[in-house]
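Where a number appears in this text, it was derived from the coordinates with a stated rule and is not lab data. What you are looking at is a predicted structure, and each value in this text was computed from that prediction instead of being measured. Please note: Cβ atoms are built from the backbone with ideal geometry, for glycine as well, and neighbour counts cover all protein chains shown.
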Amino acid sequence: PDARDPEKPFSLADFEIGRPLGKGKFGRVYLAREVKSHFVVALKVIFKEQIEKYKLHHQLRREMEIQTSLRHPNILRLFGWFDDDERIFLILEYAHGGELYGLLKENGHLTEQQAATYISSLSQALAYCHGKCVIHRDIKPENLLLDHKGRLKIADFGWSVQSSNKRKTMCGTLDYLAPEMVEHRDHDHAVDNWTLGILCYEFLYGNPPFEAESQKDTFKRIVKIDLSFPPQPDVSAEARNLISQLLVKDPSKRLSLTKIMQHPWIVKNADPKGTFSLLALTLSLL
Ligand SMILES: CC(=O)NC[C@@H]1CCN(c2c(Cl)cnc3[nH]c(-c4cn(C)nc4C)nc23)C1
């Protein structure tokens, strides 16, 4: 869709709409196909009256400007947008593999190779964002999608679009919040490094490290850094070492993105192309 004459913006008539992929407070995401090129996209529909009601024009505009400007293999592309009287339509890259979260829940946990590859991809995407002074790409699992080659795509949804096929275990969880967040202290991009530690743990063990019955207990476990590694599944010492260097209370002491990419566990286990051979991915789904 890039080769479009900028004078003739898209309109709804340019697309055939497919099944809903996800829905949320501000609208839904549909599978769609551009009629002339047959190019498949994800079309996110946001209702203007919702934006007016919550006074979110600026946030949405900033979100769209940021997402349009980001070009990275692990960040879902925003190709463009158009609107009609009552809706705004975002033309997004379609991730054929769906939600990484689905793969995690189906398998219980990921292999060390998969986990290291995804942590490496996330670190590269975040380093790219920080290089462009963009922080807080919201990297909780439901914002992580997979393309047809199993490559990770951060689909940062400031608009909390819940996918239709998700068990509602994620909404409202504290699990991914860093201590400085839950203690309402000021935070910067070191929060993302904390979240990488949470995700690495969850990829390897199947659940986030500070999970508890109540939000209050999760809060207490986070601020205490109440971290323990169950004996099963048997996770390598290097992996536990990386997690322990990320889930550190003092933000300035957390491993930097560069150091994460150079960590022995990542160097040894991450697939450099960030993708899996389809066979390996298929086998991991069996
Ligand atoms: C909470 C949240 O934002 N989740 C992701 C949104 C819902 C689907 N969205 C997609 C977006 Cl924006 C882009 N590509 C997608 N691919 C899928 C998908 C593919 N399969 C086989 N199953 C699914 C689901 N979904 C998308 C965005």
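Worth a mention:
- Taken over the range 204-263, the ratio of Cα radius of gyration to 2.2 N^0.38 Å equals 1.22.
- Partners for Lys220 among lysines (Cα-Cα distance below 19 Å; same-chain residues under 8 apart left out): Lys249
- Under 5 Å between amide hydrogens, built in the peptide plane, is the criterion, and for Phe15 it picks out Val35 among residues at least 5 positions away or on other chains.
- Protection proxy ranking of 107-120, 62-75, by the mean of other Cβ atoms within 10 Å over each peptide's residues and highest first, is 107-120, 62-75.
- Furthest towards positive pole of dipole, Leu56, Tyr128, Leu104, structure part the range 54-155, Cβ charges: Tyr128
- Förster radius 51 Å - calculated FRET efficiency between Ile17 and Glu183, Cβ distance, rounded to 0.05: 0.70
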